Structure formats: structure tokens, C-alpha cells
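Read through the structure below, which is laid out as C-alpha cells, and then see the notes.
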Amino acid sequence: MASKGRLNKCIGELKAVFQEYASKDCEQGQCQFKLSKRDLKELVQKELDMDAAKDPAKIEKMMNMLDENDDGQLNFHEFVMMVIPVACLCIYF
Ligand SMILES: [Ca+2]
């Protein structure tokens, strides 16, 4: 993907942040980056500075809400679904 344009750069940053905290999960020769609950906690703590990261119950709830395919991890699509509402909230504060 070309890095031209601010939105392209933002998407690239999203992907870079995701891959920095995610672990590679390989199944039948196919590898995908995925966030475990621990990865999610670290990402929320360091990249969003949210109080939720200090409360294991809130991380658990966040994981359950975002984990659409119930595999116990977040893929990039599920991760982006977390970023959108946070971005929407930031417009108002
Ligand atoms: Ca999942």
C-alpha cells in the first residue's frame, strides 16, 4: 500500500500498532497476527492510556465483545472494530 495521503498513513499506523502487540498464530501453514487477552491489555495500556487496562474484568469484557469468531484472540478486523468507537468518542472530547 502506498503511504501517500494522511488516511493511508493512519491505516498503516493501525496495522503497525496491531502487529507490534499481536503474536503470529499459524494454523495449517497459514499465519495471521492475533492479539491475546494479554496483548490487548498491553496495547490498551500503552497506546490508549485507558483505565480499563488496570481492571482485568474490563479487559475480559472488551475481549468478549470484540471477539466475533470466539477464538479467544483478536484478528485485525476485530481490532479495528475497537478503534472505530474510540475514534468516534474522541471527536466529542
Ligand atoms: Ca477472534
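Descriptive notes on the structure:
- Residue match in segment 33-44 (condition: part of a helix (DSSP H, G or I) and farther than 22 Å from GLY12 by Cα): yes
- Taking (1) away from the ligand (no atom under 12 Å from the Cβ); (2) in a helix (DSSP H, G or I) in turn, MET82 satisfies each apart from (1).
- Meets criteria (surrounded by 11 or more Cβ atoms within 10 Å (Cβ to Cβ), over 10 Å from the mean Cα position of the chain (by Cα), away from the ligand (no atom under 16 Å from the Cβ) and not basic (Lys, Arg)) for LEU89: no
- Of all residues in segment 69-79, those being farther than 16 Å from MET50 by Cβ and in a helix (DSSP H, G or I) number 3.
- Residue match in segment 27-44 (condition: touching a Lys or Arg at 6+ places or on another chain (Cβ under 6 Å), at pLDDT below 90, among the acidic types (Asp, Glu) and within 15 Å of the ligand (Cβ to nearest atom)): no
- Qualifying residue in segment 40-56 (condition: touching a Phe, Trp or Tyr at 6+ places or on another chain (Cβ under 7 Å), without any contact (Cβ under 8 Å) to a residue 24 or more places away in the chain and acidic (Asp, Glu)): yes
- If the condition is being among the small types (Gly, Ala, Ser) and either more than 18 Å from the chain's Cα centre (by Cα) or more than 15 Å from VAL80 (Cα to Cα) (or both), then segment 3-33 contributes SER3, GLY5, SER23, GLY29.
The values are calculated or read from the model by the stated rules, or taken from the named source; none is laboratory data. If you're wondering where the values come from, they're calculated on a predicted model, not measured in any experiment. Methodologically, a virtual Cβ is constructed for each residue, glycine included, from the backbone with ideal geometry; neighbour enumeration extends over all protein chains shown.
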